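See below for the structure under consideration.
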Amino acid sequence: MELGLTGKIAIITGGSKGIGLATALLLASEGAEIAIVAREEKSLQSAAEQIKEQTGKAALTISADVSKTDEAARAVAETVARFGGVHILVNNAGTSAARPFEQVENEAWAADLDLKLLGAVQFSRAVLPYMREAGGGAIINVTAVGGKTPGASSLPTSVSRAAGLALTKAMSKDLAADRIRVNAVCIGLIRSAQIERMWQAKAPELSWDEFAADPRHGIPLGRIGNAREAANVIGFLVSEAASFVTGTSVNIDGGISAVL
């Protein structure tokens, strides 16, 4: 399927590792120009080297704290200065923060919402003029299945992710007249540094494939997913192949979620 991404310009927050990096690699391989945003300069440079090696594209690396308004604006401005506009935004920055309700102090609530919700708000606001100028665009908010079905001891992240879903739906309605599509993906168990730490802590005697296929994970498809599988869905949603899709969420979870 032709995704129609040649010449498109994409910003990916949290783009130096995991799903963000896999998405950058996919979009670059489809012909898009890529700006990746993260805090750690070393990780950004490593990611840029992988993108160059695997796709031939020279990615723009931007060290920024997405929760800060001025840094979000700077990241978008640097992208526009380098490539001339913005067509795609993937709001992927985030960390896992899961504790029982009574253990989450106010500072942790604020930090999580600033990173996962306000970061998406600020980047989305900053790219709007350029997407309007281009005649449209696509925004993806990367959330988690816990935002739909929060479990015990899942705070504050499940609340931040639920807010991201509400943001997605509201934005999709506000921006549709400008041909800016806004969708979300809800991530389940996908291989990441955090999941690998869990593997080493709980079952170091198992190979990765054995651990990923452990039935105790409760994943109907029988294994933990990988970042490329998430990137494939994101790539479709930002492409012309999904030109009539907006205001929806897609679970990338191997069927583990109890809701659509």
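What net charge do the residues around T248 carry, taking every other residue with its C-beta under 11 Å from that of T248, with Lys and Arg at +1 and Asp and Glu at -1?
Numbers: positive: K169, R181; negative: none.
Net charge in that neighbourhood comes out at +2.
Near G94, within a Cβ-to-Cβ distance under 9 Å, what is the net charge of the other residues, with Lys and Arg +1 and Asp and Glu -1? Don't jump to the answer; show the numbers that get you there.
Details: positive: K116, R161; negative: D112.
Once all neighbours under 9 Å are counted, the net charge is +1.
L155: net charge of surrounding residues, Cβ under 10 Å, Lys/Arg +1, Asp/Glu -1, itself excluded?
Around L155, the charge tally is -1.
Please arrange V238, V121, V245, V185 by how many other C-beta atoms lie within 10 Å of their C-beta, fewest to most.
So the residues, fewest neighbours to most, are V245, V121, V185, V238.
Can you give the convex hull volume of the alpha carbon atoms of region 156-260 per residue, in Å³? All intermediate terms of the calculation are to be shown ahead of the outcome.
Values: hull volume 12.2 nm³, N = 105.
Output value, Cα hull per residue: 116 Å³.
State the antiparallel share, in %, of DSSP beta bridges confined to region 70-211, rounding to the nearest 5. Kindly include the intermediate steps, with their values, before the conclusion.
Working: 2 of 14 bridges.
Of all bridge pairs located within region 70-211, approximately 15 percent are antiparallel.
For region 83-102, list residues with backbone N below 18 Å from a point placed 7 Å from the Cα of R125 toward its Cβ?
Residues passing the 18 Å test: 89-93.
Within 10 Å of each residue's Cβ, count the other Cβ atoms and sort F101, F244, F123 from fewest upward.
Ranked by crowding around the Cβ, least crowded first: F244, F101, F123.
Report Rg(Cα)/(2.2 N^0.38 Å) for region 1-46, keeping two decimals. Can you show the working numbers first?
On the way: Rg = 10.8 Å, N = 46, 2.2 N^0.38 = 9.4 Å.
Cα-based Rg divided by the globular estimate yields 1.14.
Once you have the Kirkwood Rh of the chain from its Cα pairs, apply Stokes-Einstein at 4 °C and 1.567 mPa s and quote D in µm²/s.
This corresponds to a translational diffusion coefficient of 70 µm²/s.
Computed on alpha carbon atoms, what radius of gyration and Dmax characterise region 83-198, expressed in Å?
Considering region 83-198 through its Cα atoms, Rg and Dmax are 15.4, 48 Å.
Please list, ordered by chain and number, the residues whose modelled amide H lies under 5 Å from the amide H of I252; skip anything fewer than 5 residues away on the same chain.
Excluding prolines and chain starts, which carry no amide H, the hits are C186, I187, G188.
Please arrange W199, W109, W208 by how many other C-beta atoms lie within 10 Å of their C-beta, fewest to most.
With the fewest neighbours first, W199, W109, W208 line up as W208, W109, W199.
If you restrict to DSSP beta bridges whose two residues both lie in region 1-157, what percentage is antiparallel, to the nearest 5?
Here the share of antiparallel DSSP bridges comes out near 10 percent.
For n ≥ 4 DSSP H runs only, could you compute -39500 (n - 2.57) per run for the chain, divide by its residues and tell me the 222 nm figure to the nearest 500?
My calculation for the chain gives -13500 deg cm²/dmol from helical runs alone.
If I model a spin label at T6 and A176 as a point 7 Å from the Cα along the Cα→Cβ vector, what separation in nanometres do I get?
3.2
Straight-line reach from K148: which aspartates and glutamates have a Cα under 16 Å away, not including same-chain ones fewer than 8 places off?
Once the sequence-local aspartates and glutamates are set aside, what remains near K148 is D253.
Test of understanding: what is the full-extension gain from A241 to T69, defined as 0.36 nm times their sequence separation minus their Cα-Cα distance?
The A241-T69 span can extend by a further 58.7 nm.
Just so you know, all these numbers are worked out from the coordinates, no wet-lab data involved. Every value quoted in this text rests on a predicted model; they were computed, and no experiment measured them. All Cβ positions, glycine included, derive from the backbone under ideal geometry; neighbour counts span all protein chains shown.
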